[in-house]
Every structure is written in C-alpha cells, then in structure tokens.
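K.L.:
To start, I am sharing the structure in question, which I have written as structure tokens.
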There are 2 protein chains.
Amino acid sequence: MIVTPSIHRRHFLVGAAGTAAGAATLAMTGMSFPVRAQDSGALPAYADWKNPDALIKHSELTLETKRGAISTSVVTPNDIVFVRNNIAPPGEDILADRDAWEVSLEGVANPRTMQVGEMKSLGVDTVATVLQCSGNGRGLFDHKASGSPWITGAAGCVLWSGVPVRSVAEELGGVVDGARFMTSTGGETIPNDVEPKDVMVERSVPVENLETAILAWEMNGAPIPLAHGGPLRMIVPGYYGVNNVKYVKRVAFTETETDAKIQRSGYRLRPVDVSGAPDQPSMWNMKVKSWVTHPLMDTESGRVQIHGVAFGGINPVAKVEVSIDAGQSWQEARLAGPDLGRFAWRVFVFPADLAAGTHTIASRATDAEGNVQEEETEPNHRGYDYSGWRRLAVDVTVA
Amino acid sequence: MIVTPSIHRRHFLVGAAGTAAGAATLAMTGMSFPVRAQDSGALPAYADWKNPDALIKHSELTLETKRGAISTSVVTPNDIVFVRNNIAPPGEDILADRDAWEVSLEGVANPRTMQVGEMKSLGVDTVATVLQCSGNGRGLFDHKASGSPWITGAAGCVLWSGVPVRSVAEELGGVVDGARFMTSTGGETIPNDVEPKDVMVERSVPVENLETAILAWEMNGAPIPLAHGGPLRMIVPGYYGVNNVKYVKRVAFTETETDAKIQRSGYRLRPVDVSGAPDQPSMWNMKVKSWVTHPLMDTESGRVQIHGVAFGGINPVAKVEVSIDAGQSWQEARLAGPDLGRFAWRVFVFPADLAAGTHTIASRATDAEGNVQEEETEPNHRGYDYSGWRRLAVDVTVA
C-alpha cells in the first residue's frame with residue numbers, strides 16, 4: 001500500500017570532510033547493498049501489525065523504515081516507525097492493565113513507586129520528537145562497524161503524550177540536592193545466565209533534561225505498542241533513541257551515571273578499534289542532519305519536487321539547502337507544513353528542473369545555533385552519529 | 001488495544017440557548033443511548049483495517065470514533081478516523097496505480113486533464129485540518145433528524161499532504177475571470193437507475209478557498225486509504241467534511257454553484273420541516289467548538305486532568321474555558337502540545353480537584369475573531385452544525 005521506491009542506484013563520494021566533489025566515486029546498486037541482502041523473513045510477532053512493505057528487516061530486533069516510505073506529512077505513522085530493541089521485549093501481558101504499570105521513583109524528596117494511573121492525574125502534555133537510533137547511517141561508514149547497517153531509516157518523527165517528568169518530580173517533593181543525572185531503567189526480562197549489568201537497558205542523561213522529558217503512554221494518538229515501549233516510555237526530546245527507555249520501571253535522579261554496560265562502555269563515541277570507556281562522549285543529543293526522501297528513483301520528468309526531512313536534535317532547524325550537483329552549489333529549500341516544535345523534524349521541499357543526465361542530490365541543514373550539517377562524519381568504532389551530507393546524497397538519472 | 005471508555009452516564013440540560021443551569025435534566029445511560037443500540041456488526045470491507053474497538057458502526061457507510069478514543073496527541077491516527085460516505089466508495093482497483101488517477105481541470109485558462117503523477121511535480125505542501133461531518137452532534141438534538149446520530153465522533157484532526165490547488169491553477173494559466181466557486185466532483189460510481197444529479201457528490205465552495213485548498217494524496221503520512229478518498233481528495237481547510245470531496249475526478253472554477261442535489265438542497269441549514277433550497281446557508285465553514293474527551297467515566301480519584309479538543313473552523317483557537325459546575329463558573333484551560341496551524345484542533349488540559357459527588361464538566365472555546373462557542377444550537381431540519389457546549393458536557397461522579 002505504501003509507495004516504497006528502492007534506492008535504485010547510489011554513488012558515494014568517498015573522502016574526508018572537505019574533499020571536493022570529483023573524488024573517486026563508488027557505485028553501489030540496490031541489490032548488492034548489505035541492507036537489501038539482510039532483508040528477508042516475516043516481521044517478528046511483536047511487530048506483526050506493522051506495514052511490511054515499508055520496512056527492511058535486519059533481525060528480529062531491528063526493523064528499518066525504507067527511505068521512500070517517509071513522506072511529507074511530518075509525522076511518521078506507527079506502522080512504519082523503525083524498531084530497535086537492545087534485548088527481547090517483555091511479553092504482551094505487561095499491556096493487559098496499562099494503568100497498573102508501576103515505576104520506582106528515586107532521588108526525590110519522597111521516593112516511592114507510582115502507577116501510570118496516578119501519573120495520568122498529575123499532568124498531561126504532548127511533544128513531537130525525532131526518534132533516531134544512534135547507529136542510523138552506520139551502513140554509510142566504510143569500516144563495517146558491527147550492528148545493523150542502517151542507512152536513513154532508523155529514524156521517525158513521533159508525537160508522544162504523557163506526564164512531564166517535572167510534574168512527577170514536583171509531586172514527590174522535588175529532586176534531591178546533588179543529582180546530576182536522570183537515570184531510567186527498562187523493564188525487559190534479564191536472562192538468568194548473564195550478569196544483569198551487562199545487558200540491562202539503563203541510561204543516564206544530564207538531569208536538566210527533566211525539564212523537557214515526558215513519561216509517555218501514547219504514541220501518535222494510540223497507546224504505545226509493545227514494540228515501542230508501552231505501557232510507559234521515557235522520552236528525552238532531542239536525544240538518541242537509546243535514552244528513550246522502553247517499559248520504564250525506574251527513574252532515579254542520581255549523582256553519577258549508571259554503571260550498566262550500555263552506559264559505561266556502550267554507546268560511546270570512540271575511535272575505531274578503541275574500547276569503550278566512561279570518559280568518551282555518550283550518545284546523548286543528536287546532531288543537525290537532513291536527507292532527501294524523494295526522488296530516489298530514476299525519473300523521466302524534468303521537473304521534480306525534491307523533498308526530505310531535517311532536524312537539529314535539541315535545536316530547531318533554521319534552514320535547509322539543497323544541491324543537485326553533488327554539493328558544488330546550494331539553494332535554500334522551503335520548509336513545508338506545520339512546525340511541530342524544536343524537537344521535531346521539518347519537511348523541506350525544493351522544486352528543480354532536472355536536465356537529462358545523472359544528478360547527485362544532497363541536502364544540508366543548519367540549526368538555529370548556526371551548526372551546519374557536516375559533509376562527512378569521522379569514522380568511529382560502533383558507527384554512531386552519522387550525519388554527513390555527502391554520503392546521504394542520492395543519484396538520480398533523468399532520461 | 002485503544003482505551004475506549006464509554007459514556008457511563010450523561011445528563012442533558014434541555015432548553016433553548018441561554019437557559020440557565022438548573023433546567024430539567026434528562027438522565028440517559030450509555031446502554032439506552034441510540035448510538036449504542038446501532039453499534040453492531042463487523043466493519044465494512046473497505047474499512048476492515050480500522051480499529052473496531054475505537055469505532056461505533058452506524059451503517060456500512062458511517063463509522064463514528066468513540067469519544068474516549070480521541071486522546072491527547074493532537075493528530076487522529078488513520079485507523080480510528082471516522083468514516084462517512086454519501087454513496088458506496090469505488091472499488092479498490094482505483095488505487096492500483098495512484099499516480100495514474102486523472103482529474104479534469106476546468107475553469108482555467110488552459111483546461112485539461114492531469115494525472116496525480118504530474119501534480120506531484122507541481123508542488124507539495126502539508127496542512128493539518130479538522131475533518132468533521134456536518135452532522136456531528138446530530139444525536140444531541142431533540143428532534144430526531146434523519147441521518148446518523150453522531151455525538152462527537154464524526155471528527156478528527158488529520159495531516160494532509162498534496163499539491164496546493166493554487167499551484168495547479170497557476171500551471172494551467174490561472175482561474176478564468178468571473179469564477180466565484182471551486183466545484184469538485186467525486187469519482188463514485190453512479191447507479192444506472194437513478195438521476196445522476198440526485199446522488200453525485202459534487203460540491204461548490206467559494207473560489208477564495210483555492211488559496212488554502214490542497215489536492216491530497218497522503219493522509220497522516222500514508223497514501224490516502226479508499227475509505228478516506230484515495231487516491232486523491234480535495235481538502236478545503238476549515239470546511240465541513242462534505243466539501244472535502246473524495247476520489248476527486250473534476251475540479252472546475254465556475255460562476256455558479258453546482259445544481260447537484262447535494263449542493264442545491266442538501267447540506268443546507270434550514271428550520272425543522274422546511275425543504276432545502278439554494279438560498280439557505282450551505283454547510284461550508286465550521287463554527288468554533290470544543291468538547292471534553294476525558295474524564296468520561298465515573299472516577300475514584302479526586303484529582304483529574306480534564307482534557308479535550310477545540311477548533312475554530314477557519315480561525316485559530318484563542319482560548320478554551322472549562323467548567324466543572326455545568327457552566328455556572330469557568331476557568332481557562334491550558335492549550336497543550338504542538339500547534340499544527342489554524343485549521344487544526346488544539347488539545348486543552350485543565351487540572352481539577354473534584355470533590356465527591358456528580359460534576360457536569362463542560363468546555364467552551366473562543367476563536368481568534370472573538371467568536372465564542374454557543375451554549376445551545378438552534379434545531380435545524382437535518383441536525384447539522386451542532387456546537388452547543390451544554391449538551392456536549394459530560395457528567396462524572398466521584399465516589
């Protein structure tokens with residue numbers, strides 16, 4: 001049902017940041033691309049309600065949204081939003097009584113457990129955020145980092161509704177003095193034969209995020225599905241997906257970051273072949289980034305409305321430029337449709353008359369702080385944080 | 001999956017506009033309510049992908065969204081959006097090649113047919129609109145007007161993406177002089193045994209609407225489903241649903257309104273038992289309106305976050321007030337979540353500490369032009385245009 005053009009042909013201009021157009025090009029066909037090779041098999045049971053035509057299955061725990069399935073309506077519908085679980089989700093039974101889900105609230109004046117039903121009486125707000133996996137774009141690096149080779153589709157723009165974390169903390173007398181982090185723990189079942197700290201999903205973010213964070217029970221107008229963290233998910237706007245802890249069962253305001261492996265050494269930005277350590281940057285707020293979602297296929301028409309998505313992490317997007325000549329020249333695109341706030345993405349549109357031949361179409365976003373999307377992203381061990389406009393570009397041939 | 005509390009108990013304060021609280025009350029239980037009595041049977045095939053738990057089936061052509069299924073995420077997901085077709089939809093085969101759908105464009109300098117594929121090259125924009133049936137609230141009138149007895153659920157807030165009508169008109173040399181209306185014709189199949197003008201869905205709206213209208217192919221990020229008018233629907237922001245013609249196959253800029261029955265005598269605001277005629281007001285732009293979506297059930301907790309939706313038709317909402325004493329006193333609610341533009345609805349939230357007893361909870365919206373939602377709506381023959389806050393109120397008993 002969803003129109004999902006595949007990437008018919010891609011060219012990479014390989015090189016370090018600042019390399020001029022005209023560097024060696026590496027043609028890759030859709031068929032030989034690793035993303036395609038791994039795309040097989042039925043959707044996993046917990047996500048079998050999703051639209052299989054819009055998704056690429058990398059594994060039972062990782063489903064990527066096809067690049068062309070992201071269209072111009074700003075919000076990404078639930079049935080095409082990507083899935084990435086670190087460990088298997090809990091059973092569907094945790095959704096049987098959503099209001100009874102219990103969260104341990106710690107690091108406040110009056111710590112205690114609280115059920116979702118009570119949270120619903122404390123406050124309601126809605127925030128639109130870009131939900132993006134830290135590894136989105138991993139497949140664009142050359143060094144074959146371990147993990148799913150996402151290209152653009154481990155990202156979506158979602159409306160979350162729930163209680164502001166601030167309102168919950170106030171209800172419990174406020175955050176304790178000295179708290180520097182907000183630490184959230186997921187409700188996944190830890191297998192018996194492993195050290196819990198090695199697999200548990202527990203993430204710490206700077207405590208300031210309680211001002212914008214939401215404990216959400218609703219995703220795009222529906223109760224949050226199990227695949228996306230229902231009955232309750234911690235939403236940290238502007239932060240990479242892993243910090244948006246699913247099935248959240250504990251929120252603690254702490255002096256130190258958790259020593260769970262996923263925080264201590266995991267999700268750290270580090271040079272290739274260097275081990276993870278707490279002094280390396282954590283995958284917290286996202287960088288300014290954009291990519292074209294149309295056209296992706298060769299076309300016969302000379303005129304085309306180039307469109308795509310752009311976001312700035314914790315900053316709003318100020319402008320998006322489009323190039324149809326592999327970055328030699330740029331023109332400003334129009335931001336189309338409603339602005340859902342600084343944590344959402346914007347849809348950009350740029351009309352172009354494309355002459356016969358092959359055009360490398362790129363986009364480059366600038367956020368309100370003046371940060372410009374980079375041309376190339378320095379390789380890092382796990383292939384995180386990709387945002388380079390050059391490899392996100394697409395080649396389109398006009399007949 | 002969707003939490004859909006039923007209306008446990010409702011009270012109507014029956015009386016003309018301006019009647020003070022304290023008028024005779026008529027208690028109605030959810031079970032005896034006509035909406036419930038008609039709610040039976042499986043969803044029709046063309047809408048079988050929808051969430052049956054969130055919908056009330058009035059007939060094969062009319063599905064209402066349950067009041068409590070509208071939550072706080074602003075956008076109404078496709079699978080719970082109401083359905084109202086005037087005649088049976090065309091076959092699913094019209095979706096086989098969406099880009100090949102053809103529209104006759106008339107009343108422009110260079111009239112011709114155009115396919116959706118070409119429209120996509122002319123421009124792209126997205127608008128969020130409240131889609132509301134003219135008869136939404138018909139079930140709240142006393143005079144048992146013919147048609148579905150909708151209460152609140154023939155309405156949703158939807159993101160539409162497509163080409164601005166303005167861009168299409170410009171491509172064809174502009175609108176002809178003297179055009180006063182934009183007339184859209186639906187692509188339904190007209191049965192052989194009837195006079196086409198009596199059943200065709202053809203609606204005229206003032207030509208000025210071409211400035212905001214969109215020929216849409218996308219609904220909340222997905223290709224428009226057949227039930228909602230795919231492959232192409234005319235969207236006239238701020239106007240009642242009937243003007244948003246499905247399967248649109250002709251758009252004409254005309255000097256006069258169409259003489260199709262649905263325009264000539266149908267969808268006219270007229271006194272009870274008076275026949276429809278062209279000199280009566282047509283069901284065009286919507287009035288300022290709001291209603292509470294939570295709480296709808298009796299509750300044990302004294303504290304509750306009252307929330308609902310509010311819109312102003314072609315005007316943005318300026319404020320929403322909430323009353324917990326049947327309109328004797330009002331307090332301003334907070335508008336929560338992103339503002340999707342003047343044609344969208346806003347979610348309002350008002351925290352209240354409800355003492356034991358029964359509370360009649362009402363909401364009253366004011367638009368940016370200063371128009372205030374009316375207390376009661378004068379009966380009209382077909383039960384259109386209901387917006388009275390008094391009958392839209394809900395009774396909640398706190399134990």
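K.L.:
Within the range A:282-399, considering only strands (runs of 3 or more DSSP E) that don't extend past its boundaries, which have at least 3 residues that are open to solvent by less than 20 Å² (accessible area, probe 1.4 Å) and within 25 Å of residue A:147 (Cα to Cα)?
P.N.:
In the range A:282-399, A:289-294, A:303-311 are the strands (runs of 3 or more DSSP E) which contain 3 or more residues that are open to solvent by less than 20 Å² (accessible area, probe 1.4 Å) and within 25 Å of residue A:147 (Cα to Cα).
K.L.:
Right, another one. Any residue that is within 21 Å of residue B:242 (Cβ to Cβ) and outside any loop (DSSP other than H, G, I, E, B) - is there at least one of those in the range B:111-128?
P.N.:
Yes.
K.L.:
Next question, about the same structure. Kindly check whether there is at least one residue in the range A:162-170 that is within 13 Å of another protein chain (Cβ to nearest Cβ) and hydroxyl-bearing (Ser, Thr, Tyr).
P.N.:
Yes; the residues of the range A:162-170 include at least one that is within 13 Å of another protein chain (Cβ to nearest Cβ) and hydroxyl-bearing (Ser, Thr, Tyr).
K.L.:
Next up: Every residue in the range A:108-136 that is open to solvent by 20 Å² or more (accessible area, probe 1.4 Å) and more than 14 Å from chain B (Cβ to nearest Cβ), please.
P.N.:
Once the filter is applied, which keeps residues that are open to solvent by 20 Å² or more (accessible area, probe 1.4 Å) and more than 14 Å from chain B (Cβ to nearest Cβ), the range A:108-136 yields A:109, A:110, A:111, A:112, A:113.
K.L.:
On to the next question. Which of the residues spanning the range A:72-118 are β-branched (Val, Ile, Thr) and at pLDDT below 95? If you could, list the steps in order and put the result at the bottom.
P.N.:
Start the filter on the range A:72-118 by keeping residues that are β-branched (Val, Ile, Thr), which leaves A:72, A:74-76, A:80-81, A:83, A:87, A:94, A:103, A:108, A:113, A:116.
Of everything in the range A:72-118, just one residue is β-branched (Val, Ile, Thr) and at pLDDT below 95, namely A:87.
K.L.:
Continuing with this model, one more query. Is there any pair linking a residue in the range A:49-61 that is touching a residue at least 24 places away in the same chain (Cβ under 8 Å) and within 17 Å of residue A:86 (Cα to Cα) to one that is part of a loop (DSSP other than H, G, I, E, B) and open to solvent by 50 Å² or more (accessible area, probe 1.4 Å), with Cβ under 6 Å and at least six apart or on different chains, and which?
P.N.:
Pairs that qualify, where the first residue is touching a residue at least 24 places away in the same chain (Cβ under 8 Å) and within 17 Å of residue A:86 (Cα to Cα) and the partner is part of a loop (DSSP other than H, G, I, E, B) and open to solvent by 50 Å² or more (accessible area, probe 1.4 Å), are A:58/A:38.
K.L.:
Oh, and also: Looking only at the range A:327-335, decide whether some residue is within 11 Å of chain B (Cβ to nearest Cβ) and closer than 21 Å to residue A:240 by Cα.
P.N.:
no
K.L.:
Can you pull out the residues in the range A:187-240 that are more than 14 Å from every other protein chain (Cβ to nearest Cβ) and on the phi > 0 side of the Ramachandran plot?
P.N.:
Within the range A:187-240, A:229, A:238 meet the criteria.
K.L.:
Here's a follow-up. Within the range B:77-96, which residues are more than 18 Å from residue B:244 (Cα to Cα) and among the small types (Gly, Ala, Ser)?
P.N.:
B:91, B:96
K.L.:
Being over 19 Å from residue A:95 (Cβ atoms) and free of Cβ contacts under 8 Å to residues at least 24 places away in the same chain narrows it down to one of A:170, A:211, so name that one.
P.N.:
Testing whether each residue is over 19 Å from residue A:95 (Cβ atoms) and free of Cβ contacts under 8 Å to residues at least 24 places away in the same chain leaves just A:170.
K.L.:
Condition check: touching a residue at least 12 places away in the same chain (Cβ under 8 Å) and over 19 Å from the mean Cα position of the chain (by Cα). Does residue B:369 satisfy that?
P.N.:
Taking the combined requirement at face value, the residue satisfies it.
K.L.:
Please count how many residues of the range A:294-321 are more than 15 Å from residue A:368 (Cα to Cα), β-branched (Val, Ile, Thr) and away from every other protein chain (no Cβ under 11 Å). If you could, list the steps in order and put the result at the bottom.
P.N.:
Going through the range A:294-321, the residues more than 15 Å from residue A:368 (Cα to Cα) turn out to be A:294-309.
Retained after the next criterion (residues that are β-branched (Val, Ile, Thr)): A:299, A:304, A:306, A:309.
From what's left, away from every other protein chain (no Cβ under 11 Å): A:309.
The number of residues fulfilling the criteria is 1.
K.L.:
Out of the range A:45-66, which residues are within 12 Å of chain B (Cβ to nearest Cβ) and of a type in the set (A, V, I, L, M, F, W, C)?
P.N.:
Passing the criteria: A:49, A:54.
K.L.:
Please go through the range B:67-104 and give me each residue that is of a type in the set (A, V, I, L, M, F, W, C), open to solvent by less than 10 Å² (accessible area, probe 1.4 Å) and more than 14 Å from chain A (Cβ to nearest Cβ), ordered by number.
P.N.:
Passing the criteria: B:83, B:103.
K.L.:
Taking the range B:335-363 on its own, how many of its residues are under 19 Å from the mean Cα position of the chain (by Cα) and either among the hydrophobic types (A, V, I, L, M, F, W, C) or under 15 Å from residue B:129 (Cβ atoms) (or both)?
P.N.:
Residues flagged as under 19 Å from the mean Cα position of the chain (by Cα) and either among the hydrophobic types (A, V, I, L, M, F, W, C) or under 15 Å from residue B:129 (Cβ atoms) (or both) within the range B:335-363 amount to 10.
The values are calculated or read from the model by the stated rules, or taken from the named source; none is laboratory data. Source: prediction; values computed, not measured. Because the Cβ atoms are built from the backbone with ideal geometry, glycine has one as well, and the counts that use them run over all protein chains shown. Calculation scope for accessible area: heavy atoms of the full protein, side chains included, ligands and nucleic acids excluded. Shrake-Rupley method; radii C 1.70, N 1.55, O 1.52, S 1.80 Å.
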